[in-house]
Structures are given as structure tokens and as C-alpha cells.
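The block underneath contains the structure these notes are about, expressed in C-alpha cells.
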Amino acid sequence: MLDDIESFIKYLKDVKKASENTQIAYRRDLLQMQAYLESQGICQMDKVTRTSLDSYLLYLEREGKATTTISRVLATVKAFFHYGYRMGIITQDPAELVKAPKVQKKMPRILSVEEIDALLSQPSRRNAKEIRDKAMLELLYATGIRVSELVHLELTDLNLPIGFITCRDGKRTRTIPFGKKAKKALTDYLEESRSVLLKGQDPPWLFINCSGQPMSRQGFWKIIKFYGEKAGIRGDITPHSLRHAFAVHLLKSGADIRAVQKIMGHSDPTTTQMYTNHYMDKGEGGQEKG
């Protein structure tokens, strides 16, 4: 089976133009599958059955692998056997009907209004960096956008006089309003901070790092961790924490769920419904109501 695996990896490289990291990940997953199957006496690709693949997934579960990991492995396995079927190496695709385990969505702890206020008050505005950080945090909470959308915003995506931003998610575009606090923070950033951070450069991005380059997701992750610790917020806090808090707090204030779905950019209404279920069953901070 090793020759078939290497043939598949070569196909990924030459035909699919897959990245080196993708090739490495696929090879790793397939070699691990091969080792398991050979331990079961299955050494050839055409001897693999749906039952043997189901057995392998069950083995991964017993080994304590996360459902997300098992789903990723199955995607690799399916691609491999589909390739073998198309190339005539096997006459039937044993992976075609194999199903991945269901991934249980765990609702994160929602930050309370008090925790959000404490977080947003941490940047002290003593320097250009903190003025920028204040603007980023305020805008993220005011709009509920994803951190990937935040760091890719360009100056032309911001309409400061009216108070809205334009976000592009693939082919979809949505316009999201923001309030007075975010507007004030953005005004301060544009008037007092951004030109200092530019270092003589002229990039199109709204938010830049201290080298005049675009802010990265990892960079903003460190920023929110830093201010979360300063605010004394217990537990894990991520850029998505503000997005979750935005949705729940907006729904608690009486916003229409379809309007929130549109603002959040959810294609599936059940995703937005999850937030409704959360605040109905629990109080702020993720605590069960007594």
C-alpha cells in the first residue's frame, strides 16, 4: 500500500498543486492508517473494506483523538481511496459511505457586560499603540465581526461620518453599523495614532502594527490576551469572545434574530439560534440560572 500512498502524494503535488504542508499532512495520516491496517493483516489497497475503515475510526476514538482530528483523517482517507478508484487501482471505493463522527459544538463562556466594560477600558491611550488597541477592541465588540475580517479591513471599508464598515466574506458583502464609542475610538486612532505607526509607509489597511505592516490574527490574539489578563478576566479569552458576547448581548437587548444573523454573516440560521438558546438557559458569564 506504501507505493499507492506515494503515488497519491505525487498526484497531489503534480496535478492538484497541493502545498508542501498539505502533502506532509496527507502522508502522515495515510501512513498511520496503513500501520493500523497492516496490524490487522490488511496490506493491499484492494483488500480494504468499509468495515476495516470503520474499525480504524473506532480505534482512533478509543485512542482519545478529538472528533475534529478524526474528521480530518477521514477526509484524507476518502481522498486517497477516491483517487485509487478513479485510477483503476481498486474497483470499489470502500471509503465512500464511511461517515465522520459528529462534532459537538460547545458553546463558549460568554463574557458579561461588566467584563466587556473592564476589557475595553484597559488601553490607557498613553501611546499610539494603545490608542490603536482601543479602536480595534471597540470596533470588534460594536460589530461582532470575525478577527480575520477585522485585520483585513481597508481604509475604504470604513465610513466614519455615517458610522458603518463594509465586510467582504468571500463573495458576500455586508454593511455593519457601529455606535458612538467605536466611532470615538476610531476617530482618535485615525487622528492621533495611525500616522505615527505608519513609519512613512502608505498601506491600504485600516489597522497596522508597530512596523507599519498589516495587523495579523496572531498579533491581535496577543493583544486581547494581554488586556484580558489586565482586566482580571478569568478563563480563556480569544478574539472570538467579543464576537460571541456581541451576539448574546444584542439578542438580550431585544434584537431580531434574523437581523443578528445578517450582521454576523451566518449562512445557517441555526448558528445564530445557538446564541438565543444560550442566554435563555444561562445567565451572563455562562452560569446556569438558579
Residues of the stretch 1-65: accessible area per residue with a 1.4 Å probe, Å²: 63
Heavy atoms of residue 114 accessible to a 1.4 Å probe, total area in Å² rounded to 10: 120
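Between residue 10 and residue 211, how high is the FRET efficiency from 1/(1 + (r/R0)^6) when r is the Cβ-Cβ distance and R₀ = 30 Å? Nearest 0.05. Mind showing how you got there, number by number?
Details: r = 40 Å, r/R0 = 1.34.
Efficiency for this residue pair is about 0.15.
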Peptides 12-19, 171-178, 219-226 ordered by average Cβ neighbours within 10 Å, highest first: 219-226, 171-178, 12-19
Between helix 217-230 and the chain: long-axis angle, C-alpha atoms, 0 to 90°, nearest 10: 60
Inter-label distance for residue 201 and residue 171, nm, one decimal - labels placed 7 Å from Cα along Cα-to-Cβ: 3.3
Interatomic Cα distance distribution for the stretch 131-210, bins of 10 angstrom, percent: 18, 57, 23, 2
Carbon plus sulfur fraction of accessible area for the stretch 91-218, probe 1.4 Å, in percent: 52
Exposure of residue 42 as accessible area (Å², to 10), given a probe of 1.4 Å and all protein chains: 30
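Please tell me which of these pairs span more than 27 angstrom C-alpha to C-alpha: 134/252; 17/199; 16/262?
Numbers: 134/252 25 Å; 17/199 38 Å; 16/262 35 Å.
Beyond 27 Å between Cα atoms: 17/199; 16/262.
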The stretch 118-271 - accessible surface per residue (Å², probe 1.4 Å): 50
Sulfur and carbon atoms: percent of accessible area, the stretch 1-45 [1.4 Å]: 48
Calculated P(r) of the chain - Cα pairs past 24 Å, %: 63
The stretch 194-205 - phi-based ³J(HN,Hα) in whole Hz, Karplus 6.51/-1.76/1.60, Gly and Pro as x: 4, 5, 5, 6, 5, 6, x, 8, 9, x, x, 6
Selection from 241, 137, 221 lying farthest towards where the dipole of the chain points positive, charges on Cβ: 137
The chain - mean residue ellipticity at 222 nm from DSSP helices (-39,500 (n - 2.57) per run, n ≥ 4, rounded to 500): -17000 deg cm²/dmol
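The values are calculated or read from the model by the stated rules, or taken from the named source; none is laboratory data. No experiment lies behind these values; they were computed from the predicted model shown. Note that we place each Cβ from the backbone using ideal geometry, even for glycine, and neighbour counts take in every protein chain shown. These area figures cover heavy atoms from the full protein model, side chains too; ligands, DNA and RNA do not enter into them. Shrake-Rupley method; radii C 1.70, N 1.55, O 1.52, S 1.80 Å.
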